[in-house]
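To start, the structure itself, in structure tokens.
What follows draws every value from the coordinates through simple rules; no lab data is involved. The model shown is predicted, which means the values in this text are computed figures rather than measured ones. As a convention, Cβ positions derive from the backbone with ideal geometry for all residues, glycine included, and neighbour counts pool all protein chains shown.
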Amino acid sequence: MHHFEYRNGKLFAEEVNVSELAKQYGTPAYIYSAATFRRHFQAFDSAFSDLDHLTCFSVKANSNLSVLKMLAEQGAGMDVVSGGELFRALKAGVAADKIVYSGVGKRAAEIKQALEAGILMFNVESIAELHKINDVAEEMGKIAKISIRINPDVDPQTHPYISTGMKKNKFGLDIEHSLEAYKLAAKLSHIEPIGMDCHIGSQLTSISPFLEALEKLLKFYERLKEINISIQYLDLGGGLGISYEEEEPPHPSEFGKALAEKLAGVPLKVILEPGRVIAGNAGIMVTEVIYTKSNPTKNFLIVDAGMNDLIRPSLYGSYHRIGEVEKNERETKEYDIVGPICESGDFLARERDLPEVHDGELLAVFSAGAYGFTMASNYNSRPRACELIVDGETILVARKRESYEDLVANEL
Ligand code: LLP
């Protein structure tokens, strides 16, 4: 459930009228609901209350500092995948010992940064990375705590670009190489293996792939015990889906219950790395229709948000619900909703029915709180949108709209 609703035909973000926000702060604008973020975090986190666990929000889904701070205040740890994300998490006040660091390409400087901060653990994705972490830790006189990211070869039944736990994907190590990696980790002087990790994909709409992966990991855990490697953490990654259109993903409580059953008596602390399920429906993007135009086969709405602002439809063919900010009684027409960017792939929606739309009107793109702003770019030299957080009646400019000067700030 989220806090974007129509009241007398006008869209509200919590207690604030969205068209007033657009008037004041301009478009395109990302608008987040603080109450929705808190509610989603609490609903997710409490779903695992039968288990010793830590919920680490996946920063890549929404990395705005104020969002991270808000989640940290709710008790969230963070899952980071770069030095930049680690920097943000620490700056937002997240305790270092609640941060896990995943990703296939960690550089020495990033490893050093994480060791200096004292993060909970690295999720290691290759033997070469294990050696690199050991070398950096040795230079610093520190012990690096690690998990191996195990690729369990499970089909998450999601979009190929966001499935990560199959043999053909670049992520983690297959089961046999993982065993070798743990044997090596146990021998390396500056490495301490403390956990097992996997993340099989994103936008999963059923829990069976998670359970299939978990079963493989638990079998693997027995093999680790046989070789006297004792660990304390089981990181199951993120991936729980949300409803963009008609998907009916399981509620976190269903996932929590299934995990609690499978993990009864297993002395491991569970780490979860949800991103989308917390942030996705906690944000919308508002855009203004600049022009309408029609040809014999199509009606176009040309809006002021492009693929640089929200790339998901262009990149994955993703569906985002789009609605008027102020409802009207006009007859329905079919539209392609396209951005101003010079690419045919620049669209927010195709063949979408909406009550006739006029120039200058506002549209809301729903479910834009995850992988929206974080994937935005400056393509076509477009300054990135502002990010606003609504908390009851309060409005926080969580990120100012970029200026033309910002565009060239680092250029000669
Ligand atoms: N942990 C790891 C190691 C991940 O790679 C990811 C997402 C997550 C956690 C969080 O997954 P979530 O709970 O959000 O599904 N840009 C794509 C999604 C890419 C997801 C990448 N990894 C999209 O817009 O759909």
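Key figures
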read-out	value
Charge dipole (the stretch 34-276, unit charges on Cβ, about Cα centre) - positive-most of Ala92, Gly237, Leu268	Ala92
Computed E for Gln74/Asp359 - FRET, C-beta separation, R0 56 angstrom, nearest 0.05	0.85
Fully extended contour minus Cα-Cα distance, from Leu211 to His131, at 0.36 nm per residue	25.7 nm
Residue-count net charge about Leu388 - beta-carbon cut-off 12 Å; Lys, Arg +1, Asp, Glu -1	-1
Too-long pairs where the Cα-Cα distance tops 31 Å, listed order kept, from Lys167/Lys187; Lys60/Lys269; Lys170/Lys225; Lys91/Lys225	Lys91/Lys225
Acute angle (nearest 10 degrees) that the helix 175-187 long axis makes with the longest principal axis of the chain, alpha-carbon atoms	60 degrees
Neighbour cut-off at most 16 other Cβ (10 Å), DSSP loop, GluC sites (Glu not before Pro), the stretch 213-312	Glu245, Glu246, Glu247
Restricting the stretch 283-357 to trypsin sites (Lys or Arg not before Pro) in coil, as DSSP defines it, with at most 16 other Cβ within 10 Å	Lys298, Arg321, Lys327, Arg330
Calculated FRET efficiency for the pair Lys327/Glu393, C-beta based, R₀ 25 Å, to 0.05	0.65
Estimated FRET transfer efficiency (Cys342, His159; beta-carbon r; R0 22 Å; 0.05)	0.30
Added length on full extension, which subtracts the Cα-Cα distance from 0.36 nm per residue, Val266 to Glu402	44.0 nm
Cα centroid separation, the stretch 4-25 to the stretch 201-247 (Å)	39 Å
Net charge of neighbours whose Cβ lies under 12 Å from the Cβ of Pro267, counting Lys and Arg as +1 and Asp and Glu as -1	+1
For the stretch 173-188 and the stretch 83-98, distance of Cα centres in Å	28 Å
Cross-link reach list, aspartates and glutamates versus Lys10, counting only Cα pairs under 15 Å and skipping chain neighbours closer than eight places	Glu20, Glu324, Glu326, Glu329, Glu361
Label point distance in nm, Arg7-Ala258, each placed 7 Å from Cα along Cα→Cβ	3.8 nm
Cα Rg, Dmax (largest Cα-Cα span) when computed across the chain, Å	22.5, 71
Structure-based [θ]222 nm, the chain - -39500 (n - 2.57) summed over DSSP H runs of at least 4, per residue, nearest 500	-8500 deg cm²/dmol
Simple spin-label estimate for Lys219 and His177 in nanometres, 7 Å along Cα-Cβ	1.9 nm
The stretch 34-276 shape via C-alpha gyration tensor axes, a/c threshold 1.5	oblate
Which of Met121, Met166 has the fewest Cβ neighbours within 10 Å, and the rest in rising order	Met166, Met121
Radius of gyration, Dmax [the stretch 250-388; alpha carbons; angstrom]	19.0, 66
Principal axis dimensions, largest first and in whole angstrom, of the stretch 122-202 by Cα	43, 21, 18
